[in-house]
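Peer 1: Got a structure for you, questions after.
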Amino acid sequence: MSLNKRMAFPLAVVKEVKAIVDEYAPKGFIIGYRISPEELHGKNVGYDYTEALTLISEVIKYELDYIHLSLWAGYNSKPENSEKSYAKLFKEILDDKTKLLIVGGIFGEDTATDAIENYADLIAVARGTLIDPNFAKKVTEGKGDTILHKISPETVEYSHLTPGLLEAFSREDSLGLPPLPGGETIRHLHTGKYDI
């Protein structure tokens with residue numbers, strides 16, 4: 001299937017969302033588009049970053065507020081055979097109005113600062129916040145040096161993981177999710193209660 005045909009559905013979704021927001025949402029309503037820059041599964045399944053860049057260059061024509069890159073390999077990860085990070089490649093194609101939001105591999109104030117200063121306009125802290133739910137508060141209060149960087153049996157209660165998240169992240173395979181740093185130390189907490 002040609003790239004143009006594969007882009008038809010996501011572009012139709014963006015067009016419809018934009019139309020609904022324009023008609024019904026209050027002024028200033030924010031619209032974004034989240035994408036993994038590469039989804040490759042075997043030889044002929046998925047897309048590479050060049051195809052994702054082509055799609056996003058069309059998506060931003062609808063005047064979205066942000067593009068959100070999900071970077072499992074880390075906020076500063078690069079495609080194979082590229083000197084530039086995914087974030088820098090996508091930032092280059094965005095207009096001045098569309099912000100770049102990235103997530104992936106941010107576990108402390110130092111990586112948060114590097115990500116926001118060198119890679120994107122905005123950052124999301126996902127697994128880092130699962131480990132330390134006070135991540136943002138600690139940064140804003142000048143206590144970034146006290147952020148927990150990895151999970152451990154001693155910090156599980158502090159992290160307040162839901163039972164389902166504890167089951168997922170205490171599995172060896174993390175149910176296909178990127179693992180939590182320190183996840184190997186909580187394997188013994190896996191009960192199998194939610195295993196299929």
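Peer 1: Looking at (1) closer than 26 Å to residue 136 by Cβ; (2) in contact with a strand residue (DSSP E or B) (Cβ under 6 Å, 6 or more places away or on another chain), find the lone condition where residue 29 falls short.
Peer 2: The number of the failed condition is (2).
Peer 1: So how many residues does region 139-196 have that are part of a helix (DSSP H, G or I) and among the small types (Gly, Ala, Ser)?
Peer 2: 8
Peer 1: Does residue 145 meet the test of being at pLDDT below 95, over 29 Å from residue 50 (Cβ atoms) and open to solvent by 70 Å² or more (accessible area, probe 1.4 Å)?
Peer 2: For residue 145, the condition - at pLDDT below 95, over 29 Å from residue 50 (Cβ atoms) and open to solvent by 70 Å² or more (accessible area, probe 1.4 Å) - is not met.
Peer 1: Name the single residue that is surrounded by the fewest Cβ atoms within 10 Å (Cβ to Cβ) among those in region 160-174 being charged (D, E, K, R) and either in contact with a helix residue (DSSP H, G or I) (Cβ under 8 Å, 6 or more places away or on another chain) or touching a residue at least 12 places away in the same chain (Cβ under 8 Å) (or both).
Peer 2: Ranking the qualifying residues of region 160-174, first place goes to 172.
Every residue, every condition in (1) modelled with pLDDT under 95; (2) polar (S, T, N, Q); (3) under 20 Å from the mean Cα position of the chain (by Cα); (4) surrounded by 15 or more Cβ atoms within 10 Å (Cβ to Cβ), yes or no:
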site	(1), (2), (3), (4)
90	no, no, yes, yes
105	no, no, yes, yes
116	no, no, yes, yes
131	no, no, yes, yes
158	no, no, no, no
176	yes, no, yes, no
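Peer 1: Could you check, for region 41-57, whether at least one of its residues is open to solvent by less than 60 Å² (accessible area, probe 1.4 Å), of a type in the set (S, T, N, Q) and within 19 Å of residue 2 (Cβ to Cβ)?
Peer 2: Yes, there is a match, as at least one residue in region 41-57 is open to solvent by less than 60 Å² (accessible area, probe 1.4 Å), of a type in the set (S, T, N, Q) and within 19 Å of residue 2 (Cβ to Cβ).
Peer 1: Let me ask something else about it. Taking region 11-37 on its own, how many of its residues are out of contact with any His (no Cβ under 6 Å at 6 or more places or on another chain) and open to solvent by 60 Å² or more (accessible area, probe 1.4 Å)?
Peer 2: So the count comes out to 13.
Peer 1: For residues that are of a type outside the set (Ser, Thr, Tyr) and closer than 28 Å to residue 15 by Cα, scanning just region 77-88, find the one that is least open to solvent (accessible area, probe 1.4 Å). Give the derivation first.
Peer 2: First pass over region 77-88, keeping only residues of a type outside the set (Ser, Thr, Tyr): 78-81, 83-84, 87-88.
Now narrow it down to the ones that are closer than 28 Å to residue 15 by Cα: 87-88.
Values: 87: 0, 88: 88 Å².
Here the answer is 87.
Peer 1: Got a sec? Which helices (runs of 4 or more DSSP H) wholly within region 56-134 have at least 2 residues that are of a type in the set (Val, Ile, Thr)?
Peer 2: Result: 109-118, 127-131.
Peer 1: Now, a different point. Within region 60-76, track down each residue that is under 15 Å from residue 13 (Cβ atoms) and in contact with a Ser or Thr (Cβ under 9 Å, 6 or more places away or on another chain).
Peer 2: Within region 60-76, 60, 64, 67 qualify.
Peer 1: Taking the stated definitions as given, is residue 180 in contact with a Lys or Arg (Cβ under 7 Å, 6 or more places away or on another chain) and open to solvent by less than 80 Å² (accessible area, probe 1.4 Å)?
Peer 2: Yes: the conditions hold for residue 180.
The values are calculated or read from the model by the stated rules, or taken from the named source; none is laboratory data. Only a predicted model underlies this, so the values are computations on that prediction, with no experimental measurement involved. Cβ: placed from backbone, ideal geometry, glycine included. Neighbour counts: every protein chain shown. SASA here: full protein model, heavy atoms, side chains in, ligands and nucleic acids out. Shrake-Rupley method; radii C 1.70, N 1.55, O 1.52, S 1.80 Å.
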